[in-house]
1. Going by average Cβ density within 10 Å per residue, which order do the peptides 76-88, 132-144 take, highest to lowest?
2. With angles folded into 0 to 90 degrees, how steeply does helix 100-117 sit against the dominant principal axis of the chain? Use alpha carbons for both and round to 10.
3. Percent relative contact order of the chain, based on C-alpha pairs within less than 8 angstrom and at least six residues apart?
4. So what's segment 118-173 giving for Rg/Rh, alpha carbon basis, Kirkwood Rh from the mean inverse pair distance?
5. Just the number, please: Stokes-Einstein D of segment 69-172 in µm²/s, Kirkwood Rh from C-alpha pairs, 37 °C, 0.692 mPa s.
6. Diagonalise the Cα gyration tensor of the chain and give the resulting equivalent ellipsoid semi-axes, square root of 5 times each eigenvalue, largest first, whole Å.
7. Just subtract the alpha-carbon distance of residue 91 and residue 120 from 0.36 nm times their residue separation and send over the number in nm, one decimal.
8. Given 37 °C and 0.692 mPa s, compute D for segment 66-124 with the Stokes-Einstein relation, Rh being the Kirkwood radius over Cα pairs; round to the nearest whole µm²/s.
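Each reported figure results from applying straightforward, stated rules to the coordinates on display, with no laboratory input. Note that the structure is predicted; figures quoted are calculated from it, not measured. Because the Cβ atoms are built from the backbone with ideal geometry, glycine has one as well, and the counts that use them run over all protein chains shown.
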């Protein structure tokens, strides 16, 4: 979303994670997605770092408040604490030491904070979209998709916030399905996903 929002053209290489191409490992030894290779051959293999790179290359962007540490703190808390509980909630059968409800309840504590923040602002930190909203949105979507009826019955404001993102032209445009990449030529800017 940040690449599209920033009007940065990329050659997208859709891959199968079950059959990862050798070129992916050549670009990043982690072998995970996303990976972005910039026109000057820099490799960025973290989602948030790709977002920062895109926004910093867009003079008109409004998502990133360069003076706000609040956005980064919210994202970091989400990427560590919330993601840990979310993964256990989604894959509770792989984590039998606790119940699915236990993992959901730990997620709920963090989601309740987001819900409370939305009482005062349209988005998580202010009345317009910030990098925090866009970075956190995919994780909330994953959580909601585990049991949407439970999610919507417990988080009215967060549900509306999520629905606004899911129905946005920007989100719909980047969620377009692509064929699995098979070409061998080297573009100037590549984004693996």
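1. Details: 76-88: 16.3, 132-144: 20.8.
Highest mean packing first, the order is 132-144, 76-88.
2. With rounding to tens, the tilt is 90 degrees.
3. On the way: 195 pairs, mean separation 70.0, N = 193.
Relative contact order, the chain: 36 percent.
4. Details: Rg = 11.0 Å, Rh = 11.6 Å.
Checking Rg against Rh, the ratio lands at 0.95.
5. Values: Rh = 14.0 Å.
Answer from the Stokes-Einstein relation: 235 µm²/s.
6. They are 30, 22, 15 Å, listed largest first.
7. Numbers: separation 29, 0.36 × 29 = 10.44 nm, distance 3.33 nm.
Contour length minus the Cα-Cα distance gives 7.1 nm.
8. Working: Rh = 12.6 Å.
For these conditions, the coefficient is 261 µm²/s.
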